[in-house]
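One structure is given here, and the rest of the page talks about it.
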Amino acid sequence: MRLIQFKTAEGRRQVGAILENGAPPLVVRNAASVRELALEAARGSASLEHLVLARGFDGEVDYDALIADQRLLLPLDHVEPSRCLISVTGLTHLGSAESRDAMHAKLAAADLSDTMRMFKLGLDGGKPSPGTIGVQPEWAYKGDGSWAVPPEHALGLPSWAEDGGDEAEIVGLYIIGDQGEVLRVGFSLGNEYSDHVMEQRNYLYLAHSKLRQCSYGPEVLLGPLPNEVNGSVRVKRSGSTVWSGRFVSGEENMSHSIGNLEHHHFKYHQFRRPGDVHVHFFGASVLSFASGMIPQSGDIFEVEAEAFGRPLRNRMIADEKTELVSVKVL
């Protein structure tokens, strides 16, 4: 089962359920929030899918109309955006066979860069045996819920940014339960959208390069993440595809297990505040930037994988020039 959130033509929030590929979304009865449904399921010791089926449905919704009218919402959000934490982890994916061969050649070198050392740590200890804790991954802060853009809406390119580049990833969506327990709602497609030119200048700029908007959705896949995820990412300009690539994810293609990445995020008790939402990007395996692609204002990013239903699509739009921010002394 996959869920979406959307607004009606009158502006009311609703939840839709997709029971099989190609089927139209069914309107979940008396449901306006995936977050509230998930908390209700946890309080009743039921699965989210079972609760949705028990609620029943009030007809179908026209998915194409939701897209055309830009009425899709993020598949999981919080009414208070400041209580949604967006984070990312990197150096988690093995990539294609060609990139793996190149990577192993670099790992054989005597003098490893910090990046390669971090990647090797994941290879050696990122998939611990059950019941044990593995090595911690790279981690970065991406913003709160106000930095997330719904599907079909524009990602802004700040005037001071050096690049706005795609990062097609799988995203874990979580809610913290009433007793501080971590509840995984499911997984979604995501475009982390980062400034790779800035990051490349110096790895100490990584934190700055991640402070950009992002998007995820439009659907959340309930249950476990497939071990093998194969998808595509495209950059479109004036109706034509100017770059495309294949991305892979799932634990078969990762140097860390999902459980290990989750532990090292939620081990901080401050990240387990009841009611909060967490959106965690699991890392990219392919970037248009690596192929020399330079996205332009007006370009459209598309991320697609069969297991996740409709593609995630966002247009990049350059923001107006930012004026100097001065501080007032009190």
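For this structure, a couple of remarks:
- Per-region count, the stretch 178-205, residues under 15 Å from VAL279 (Cα atoms) and either of a type in the set (Ser, Thr, Tyr) or not in a strand (DSSP E or B) (or both): 3
- Pairs where the first residue, in the stretch 239-262, is open to solvent by 30 Å² or more (accessible area, probe 1.4 Å) and the second is in a helix (DSSP H, G or I) and modelled with pLDDT of 95 or more, C-beta under 7 Å, 6+ apart: GLU251/ILE258
- Among (1) open to solvent by 20 Å² or more (accessible area, probe 1.4 Å); (2) over 16 Å from VAL88 (Cβ atoms), the one test that TYR268 misses: (2)
- Count of residues meeting criterion [assigned to a loop (DSSP other than H, G, I, E, B) and either surrounded by 15 or more Cβ atoms within 10 Å (Cβ to Cβ) or touching a Ser or Thr at 6+ places or on another chain (Cβ under 8 Å) (or both)] in the stretch 314-330: 4
- Scanning the stretch 122-147 for residues that are in a strand (DSSP E or B) and either open to solvent by 20 Å² or more (accessible area, probe 1.4 Å) or out of contact with any Lys or Arg (no Cβ under 9 Å at 6 or more places or on another chain) (or both) yields TYR141, ASP144.
- Matching residues, the stretch 198-231, being small (Gly, Ala, Ser) and surrounded by 15 or more Cβ atoms within 10 Å (Cβ to Cβ): SER209, SER215, GLY217, GLY231
- Condition check for GLY283: at pLDDT below 95, open to solvent by less than 50 Å² (accessible area, probe 1.4 Å) and either over 24 Å from VAL229 (Cα atoms) or of a type outside the set (A, V, I, L, M) (or both): yes
- Remark: pairs (first residue in the stretch 291-313, in a strand (DSSP E or B); second residue surrounded by fewer than 18 Cβ atoms within 10 Å (Cβ to Cβ); Cβ separation under 6 Å; 6+ apart in sequence or on different chains) = ILE300/LYS236; ILE300/ARG315; GLU304/SER232.
- Subset of the stretch 296-306 (residues that are under 17 Å from the mean Cα position of the chain (by Cα) and either over 18 Å from GLY245 (Cβ atoms) or open to solvent by 60 Å² or more (accessible area, probe 1.4 Å) (or both)): GLU304, GLU306
- Where strands (runs of 3 or more DSSP E) fall wholly inside the stretch 14-101, the ranges with 1 or more residues that are open to solvent by less than 20 Å² (accessible area, probe 1.4 Å) and on the phi < 0 side of the Ramachandran plot are 26-28, 84-88.
- Of the residues contained in the stretch 187-197, none is found to be on the phi < 0 side of the Ramachandran plot, at pLDDT below 95 and out of contact with any strand residue (DSSP E or B) (no Cβ under 9 Å at 6 or more places or on another chain).
- Subset of the stretch 1-26 [of a type in the set (Val, Ile, Thr), more than 17 Å from GLY223 (Cα to Cα) and touching a residue at least 60 places away in the same chain (Cβ under 8 Å)]: THR8
The values are calculated or read from the model by the stated rules, or taken from the named source; none is laboratory data. Since we're looking at a predicted model, the values are computed, not measured. So basically every Cβ, Gly included, is an ideal-geometry build from the backbone, and we count neighbours across all protein chains shown. Heads up: the accessible areas ignore ligands, DNA and RNA and are worked out on the full protein's heavy atoms, side chains in. Shrake-Rupley method; radii C 1.70, N 1.55, O 1.52, S 1.80 Å.
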